[in-house]
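**Student:** Below are the structure tokens for one structure; questions will follow.
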Amino acid sequence: MATCLEWGVERHQECSQTADQGYNSCTQTRDDGYRDCCTWWPCSWACKAWVWVSNIVCVAWTWVSNVVCVAWTWITTAVCLVWDVITTIVNAILVTIESIIGWILSAIAFVIELILSIPYLGTILKFIWNFITTVIVVAASGFDFILGAIGIRPEKLLRVCTVILRDERGGVVASNEVTRSLLQMACDIYKRDCNVRVIPSKPFKYSSGFAGAEQVNDDWIIIDGSNSDADILDVPCISANSSLGTPASTFQFKSALLCFFGAWRRVTGYGSPVTCFIIRSLPDALGCQVTFTDYATVQGTLTLPHPSPRTLAHEVGHACMLGHQCVDNDNANMMATQAECDPDSSTPPDRINPRIDNMQTLIIRASKHVTYF
Ligand SMILES: [Zn+2]
């Protein structure tokens, strides 16, 4: 069922709950009022009349609020559904056009990406360029942000390109099975909590705002054709070299080469795919995403279970402008980390069913990686 509709039903229930609570509190206030009334005439008479009238006002107010609440829910749900219908149709047209002429745009963009893959010089330029495109896309999504805030959240798309690296001797650093499970968790929670459909960055990838989350298969996964060295297989998260030096430029080059189809989006910044590199290890984390880059690194394993199945979703969250979420030691949040949020607790972050909260949803939806088309 369309997520717009599910939310409509949920909000409808919230309206009735609020109304029920309202009626109950009216009754409670009325009963308390009668009980506390003075006993001598005419005070008792005036008091009872007052309580009687205020109760009618209270009930009428609750009734009107409920009608407004329900009407608003109908309107927002209808707008959301109509929007989904329109974007589904327009998307079908645009996907077809992009699948044909996107290659030409990407060929031009590829040349630019090669320049941006030069260590330090290129990576710094790319950094600045990404900052600019981020500001432009975020500013342009202001209206959509407001709609989202009042509950109108039609489906948006988030593109990923997933690459498994090979080690020095040519062995893959992760199995397809593990990689699929990392991707599937991202698909499920982004769809469920943000109404964002995670899709692979590929031609002829049609999607409908009325279907459930994508089911990940091996077509989503690209296995790097060449072997890699330790400098990108075991890259630390935060260091000048890993963010701007040869590791960063190698990731950007591989991104340009292996995720060629998304090149024009990466360069323009509109609906830019996040390249998810599955690497061998990180000395200081399970995954990493450096701000204003278009790629994330995630530690892979050959067999399930992965030590933290939400890692890919978490790193994509960073790409979509989310920081770590430590409110009230909320371990269930997708952006919770034990080290930063809750070092003393024995409860590790929820690795199985992480949640994205309301504000995070609005931020993700405003990111340049998340667009209607
Ligand atoms: Zn993180």
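Throughout, read-outs are computed from the coordinates displayed, never taken from laboratory work. Just so you know, these numbers come straight off a predicted model, no measurement behind them. Because the Cβ atoms are built from the backbone with ideal geometry, glycine has one as well, and the counts that use them run over all protein chains shown.
**Student:** What FRET efficiency, computed as 1/(1 + (r/R0)^6) with R0 = 30 Å and r the Cβ-Cβ distance, is obtained for residue 13 and residue 94, rounded to the nearest 0.05?
**Tutor:** Step by step, r from the Cβ atoms, then E = 0.25.
**Student:** I would also like to ask the following. Taking the number of other C-beta atoms within 10 Å as the exposure measure, put 80, 38, 58 in order starting with the fewest.
**Tutor:** Fewest to most other Cβ atoms nearby, the residues stand as 38, 58, 80.
**Student:** Treat every Asp and Glu Cβ in segment 66-178 as -1 and every Lys and Arg Cβ as +1, leave all other atoms uncharged, and give the resulting dipole magnitude about the Cα centre to the nearest 20 debye.
**Tutor:** 120
**Student:** Compute the distance from the alpha-carbon center of segment 98-143 to that of segment 245-302, in whole Å.
**Tutor:** 13
**Student:** Something else: Is it possible to state the helix-based mean residue ellipticity at 222 nm for the chain, with each DSSP H run of 4+ residues giving -39500 (n - 2.57), the sum divided by total residues, to the nearest 500 deg cm²/dmol? What is it?
**Tutor:** Calculated at 222 nm, the ellipticity per residue is -18500 deg cm²/dmol.
**Student:** Would you please state which residues of segment 238-267 a label at residue 135 would reach in this model, taking the label point 7 Å out along Cα→Cβ and a backbone N cut-off of under 20 Å?
**Tutor:** Inside the label zone: 266-267.
**Student:** How many angstrom lie between the Cα centre of segment 200-232 and the Cα centre of segment 2-22?
**Tutor:** About 36 Å separates the Cα centre of segment 200-232 from the one of segment 2-22.
**Student:** So for 255, 175, fewest C-beta neighbours within 10 Å to most, what's the order?
**Tutor:** Exposure proxy ranking, most exposed first: 175, 255.
**Student:** Could you estimate the translational diffusion coefficient of segment 61-177 from the Stokes-Einstein equation, with Rh from the Kirkwood formula over C-alpha pairs, at 10 °C and 1.306 mPa s, in whole µm²/s?
**Tutor:** Approximately 83 µm²/s, per Stokes-Einstein.
**Student:** Quick check for you: which residues of segment 20-48 have the amide N under 18 Å from the point 7 Å beyond the Cα of residue 67 toward its beta carbon?
**Tutor:** 20, 22-23, by backbone N distance to the label point.
**Student:** Another question, if that's okay. Under 18 Å Cα to Cα from residue 48, which aspartates and glutamates show up? Leave out anything in the same chain fewer than 8 places away.
**Tutor:** 31, 32, 36
**Student:** In nm, to one decimal, how far is the residue 6 label point from the residue 36 one, both placed 7 Å along Cα→Cβ?
**Tutor:** 4.5
**Student:** Viscosity 1.567 mPa s, temperature 4 °C: Stokes-Einstein D of segment 3-75 from its Kirkwood Cα radius, in µm² per second?
**Tutor:** Rounded to a whole number, D works out at 94 µm²/s.
**Student:** Starting from the Cα gyration tensor of segment 121-223, take the square roots of the eigenvalues, sort them a ≥ b ≥ c, and report rounded, prolate or oblate (rounded when a/c is under 1.5, otherwise prolate if a/b is larger than b/c, else oblate).
**Tutor:** oblate
**Student:** How long are the semi-axes of the ellipsoid equivalent to the chain, from square roots of 5 times the Cα gyration tensor eigenvalues, in whole Å, largest first?
**Tutor:** The answer is 50, 24, 17 Å, longest axis first.
**Student:** Where both residues lie in the chain, what percent of DSSP beta bridges are antiparallel, nearest 5?
**Tutor:** Once the DSSP bridges in the chain are tallied, antiparallel ones form about 20 percent.
**Student:** Treat every Asp and Glu Cβ in the chain as -1 and every Lys and Arg Cβ as +1, leave all other atoms uncharged, and give the resulting dipole magnitude about the Cα centre to the nearest 20 debye.
**Tutor:** 860
**Student:** Give me the base-10 log of I(q)/I(0) for segment 277-329 at each q in 0.13, 0.29 Å⁻¹, Debye formula, one uniform scatterer per Cα, rounded to two decimals.
**Tutor:** The computed values of log10 I(q)/I(0) come out as -0.32, -1.19.
**Student:** Sticking with the crude label model, points 7 Å out along Cα→Cβ, report the distance from residue 338 to residue 227 in nm, one decimal please.
**Tutor:** Going by the 7 Å Cα→Cβ label model, 3.5 nm.
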